[in-house]
Amino acid sequence: MSESWPLISLRDIRKHYGGGDKPRVEILHGISLDIHAGEFVAIMGASGSGKSTLMNILGCLDKPSAGSYRFAGRNVADMDADELAWLRREAFGFVFQGYHLIATETAQENVEIPALYAGMSEHERAERASALLTRLGLGERLHYRPKQLSGGQQQRVSIARALMNGGRIILADEPTGALDSRSGEEVMRLLNELADAGHTIILITHDRDVAANARRVIEIRDGNVISDTGPVQREAGSETAELRLDHQPGQSQWRGDVLEACRAAWRVMWVNRFRTVLTLLGIIIGVASVIVMLAVGMGTKERVVAELGAFGTNHIYVSPKRESSRVPGRGISMSDLEALEDLPQITYVLPNFSGSKVVRYGNEDVQTRIKGSRAAMSRMLSWPVVTGSFFTEEDDRNMATVAVLGSRLASNLMPDVENPVGETILVGNVPFQVIGVLGSKGTVTGDEGVDDLVVIPYSTASLRVFGERDPSYVTLEVGDMKQIDAAAKAVDDLLFSRHQIRDFNLENAAAWIAAQAKTQDSMGVMLALIAVISLGVGGIGVMNVMLMTVRERTREIGIRMATGARQRDILQQFLTEAVLVTTVGGVTGVILGLSIGVALVLLGMPVIFSLSAIISAFFCSVITGLVFGFMPARQAAKLDPVVALANE
């Protein structure tokens, strides 16, 4: 720095507030003065004289309404927000009357703040903060929080913080105003020692006795300088703590910055843990809802597909339409079945007769479903016999009175019989011999009612039990699954040509399953959207809490800005807090969602967890923090330092 330039040069500095719709209040009326490096200057004046406003302008916390402020020869008006933050961090150290310590931080952590924003490593700043506090007599109180310290001790912490990055210029605003006489004398002794060591001290006070400690006294009244004792020449060879403006601060260590932001964010969350828990609830419920609803949706879809597929997917079902004014009551005839057997795509035609009858065994009567079919039914429907055997084609031709029972019906009808094979039952008034018991399909389909039936030969059912020849419906087996649509068209064309009217229904099993799966997918999407909406509601809760947090911690933001925090540092701090809240909520929501899912599995509900859904839900919660936390964080970063400091 050139010797011809004073360290601080003010020319015709004016400051007013208001204007426009508000009354204009003039605070400073054209102040001009120079302060050289190494001076100990007291700016004295009564309350309302403008001395604190002048200090805020000197410390680059506020900007003048008019006039020129040059620091080391450079016009401060040409500096952007980051350069002003760098100047506050590297050149100035603030000692406030109200101490302005962050309540949630320890003494050492408060002192470290300027070095944190200067990019100093964690180990280095911890050592320097410890050394400064020890030098000021607080070596045993490094980990005390402000409320655990006396006023004099808090002021010494404030002085240590001012010296953390060198403290070339100490701006002390009424440093003894809130202290008893003994503590005030200790603080003034420290300031004198710093002045003797070459620091530039600018002391703001209303007390003449305090001002008498300075080498130069400037008195202001009503925004004007009324007296100035003038600069005092330093002794030859004495050193001053000067700042070179061509020096650029080192790159901040992003990893350390993020970790420090997370640590501070976690501490704030813990201090306000009840509010944090309430905020987390929205995120937790949203994430858990996404996981559980998608898991239930996928499980239900899988069950429906399994239920439909349990009876074969390469099947076409043909059934007659009910009689109406447009469609005569005509069924599928046996001659139709013979014609269908000739289609090249069809490998087997299975007629089925279905009805309800009372089944008796001993003193037990059960109204249940009777199904007449052929011997191929067990193979076509993948429904094996677990006890005994299925009836044969010969049994069907001979109208044999043999029956195969569903597993559930066998248990209900013959609870005391270990092996039902060989027992005789009555279907209606016709006696049947039980020759087998089918395996349970309910375990696959989830519908135990499917096992409440009696299967008998088709000819026996149609002629001896129900007295009707034509089938209730027909199951057609298609040889090549790829040809199932072509087969369905061939069946439709054949029956239409024979009946000259579509008095029949065709159902394609594969298409039916696909349609049901699509329906379940739609339900899953709807459930997921509901869950995402709940996550969005949780995000709005995060934003509201973060806005409240910014309002509550406005003074802390001012303190951080006064110690050199850039706008992006403040943005990062509050954005980190929002993301940390939603991250904790996301992790908790994942755990809760998995726990609920496991509980549903134990209750027998179909649940299939999706790893992609779990990961997506978690990252959605993190993104929610970024999106909904950005506006409050940006609002915090845009605060005016001097206004923020004045907030209570």
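The values are calculated or read from the model by the stated rules, or taken from the named source; none is laboratory data. All values derive from a computational prediction rather than experimental measurement. No Cβ is skipped: glycine too gets one built from the backbone with ideal geometry, and neighbour counts run over all protein chains shown.
Would you mind telling me which numbered condition in (1) surrounded by 15 or more Cβ atoms within 10 Å (Cβ to Cβ); (2) part of a strand (DSSP E or B) Pro431 fails?
For Pro431, the exception is condition (1).
Looking at Val590, Val550 in this structure, which one is modelled with pLDDT of 80 or more, surrounded by 20 or more Cβ atoms within 10 Å (Cβ to Cβ) and within 13 Å of the chain's Cα centre (by Cα)? Let's see the steps before the verdict.
Working: Val550 fails: within 13 Å of the chain's Cα centre (by Cα).
After ruling out the rest, the residue left standing is Val590.
Can we say Arg168 is modelled with pLDDT of 85 or more, surrounded by fewer than 22 Cβ atoms within 10 Å (Cβ to Cβ) and under 49 Å from the mean Cα position of the chain (by Cα)? First the steps, then the outcome.
Numbers: modelled with pLDDT of 85 or more: yes; surrounded by fewer than 22 Cβ atoms within 10 Å (Cβ to Cβ): yes; under 49 Å from the mean Cα position of the chain (by Cα): yes.
Yes; evaluated as a whole, the condition is true for this residue.
Which of the following residues is in contact (Cβ under 8 Å) with a residue 12 or more places away in the chain and within 52 Å of the chain's Cα centre (by Cα): Arg408, Arg379, Arg397, Arg374? Write out each step before concluding.
Details: Arg379 fails: in contact (Cβ under 8 Å) with a residue 12 or more places away in the chain; Arg397 fails: within 52 Å of the chain's Cα centre (by Cα); Arg374 fails: within 52 Å of the chain's Cα centre (by Cα).
Of the residues listed, the single one that is in contact (Cβ under 8 Å) with a residue 12 or more places away in the chain and within 52 Å of the chain's Cα centre (by Cα) is Arg408.
Ala410 - would you say it is buried (at least 18 other Cβ atoms within 10 Å of the Cβ), small (Gly, Ala, Ser) and modelled with pLDDT of 95 or more?
Details: buried (at least 18 other Cβ atoms within 10 Å of the Cβ): yes; small (Gly, Ala, Ser): yes; modelled with pLDDT of 95 or more: no.
The answer is no for Ala410.
Taking region 371-389 only, how many residues are surrounded by 20 or more Cβ atoms within 10 Å (Cβ to Cβ) and either among the acidic types (Asp, Glu) or over 16 Å from Lys441 (Cα atoms) (or both)?
Total meeting the criteria: 3.
What number of residues within region 188-204 are touching a Lys or Arg at 6+ places or on another chain (Cβ under 8 Å) and either surrounded by 23 or more Cβ atoms within 10 Å (Cβ to Cβ) or of a type outside the set (A, V, I, L, M, F, W, C) (or both)? Outline the logic, then answer.
Applying the first criterion (touching a Lys or Arg at 6+ places or on another chain (Cβ under 8 Å)) to region 188-204 yields 190, 195, 199-200, 204.
Narrowing the set further to residues that are either surrounded by 23 or more Cβ atoms within 10 Å (Cβ to Cβ) or of a type outside the set (A, V, I, L, M, F, W, C) (or both) leaves 199-200, 204.
Qualifying residue count, region 188-204: 3.
Pick out, from region 1-91, the strands (runs of 3 or more DSSP E) lying fully within it that include 2 or more residues that are not hydrophobic (A, V, I, L, M, F, W, C).
Details: elements: 8-19, 22-35, 40-44, 66-71.
Because the criterion is at least 2 residues that are not hydrophobic (A, V, I, L, M, F, W, C), the strands (runs of 3 or more DSSP E) in region 1-91 that meet it are 8-19, 22-35, 66-71.
Can you tell me which of (1) surrounded by fewer than 17 Cβ atoms within 10 Å (Cβ to Cβ); (2) assigned to a strand (DSSP E or B); (3) among the β-branched types (Val, Ile, Thr) is the one Ile425 doesn't meet?
(1)
Do we have any residue at all in region 288-301 that's at pLDDT 65 or above, under 14 Å from the mean Cα position of the chain (by Cα) and not β-branched (Val, Ile, Thr)?
yes
Does Glu556 satisfy being within 19 Å of Leu281 (Cβ to Cβ) and buried (at least 23 other Cβ atoms within 10 Å of the Cβ)?
On the way: within 19 Å of Leu281 (Cβ to Cβ): no; buried (at least 23 other Cβ atoms within 10 Å of the Cβ): yes.
No; evaluated as a whole, the condition is false for this residue.
Is it the case that region 317-332 has a residue that's touching a Gly at 6+ places or on another chain (Cβ under 8 Å), modelled with pLDDT of 75 or more and not charged (D, E, K, R)? It would help to see each step written out before you state the result.
Narrowing region 317-332 to residues touching a Gly at 6+ places or on another chain (Cβ under 8 Å): 320, 322-323.
Now narrow it down to the ones that are modelled with pLDDT of 75 or more: 320.
Of the ones still in play, those that are also not charged (D, E, K, R) are 320.
Looking through region 317-332, at least one residue is touching a Gly at 6+ places or on another chain (Cβ under 8 Å), modelled with pLDDT of 75 or more and not charged (D, E, K, R).
Looking only at residues that are part of a loop (DSSP other than H, G, I, E, B) and among the β-branched types (Val, Ile, Thr) in region 227-278, which one is modelled with the highest pLDDT?
Within region 227-278, the subset part of a loop (DSSP other than H, G, I, E, B) is 229-253, 272.
Within this subset, residues satisfying the condition of being among the β-branched types (Val, Ile, Thr) are 229, 232, 240.
Details: Thr229: 89, Val232: 72, Thr240: 49.
The residue in question is Thr229.
Being in contact (Cβ under 8 Å) with a residue 60 or more places away in the chain, of a type in the set (S, T, N, Q) and in contact with a Pro (Cβ under 6 Å, 6 or more places away or on another chain) is true for just one of Asn213, Asn165, Asn192. Which residue is that? Show your work before the answer.
Details: Asn213 fails: in contact with a Pro (Cβ under 6 Å, 6 or more places away or on another chain); Asn192 fails: in contact with a Pro (Cβ under 6 Å, 6 or more places away or on another chain).
Selected residue: Asn165, the only one of Asn213, Asn165, Asn192 that is in contact (Cβ under 8 Å) with a residue 60 or more places away in the chain, of a type in the set (S, T, N, Q) and in contact with a Pro (Cβ under 6 Å, 6 or more places away or on another chain).
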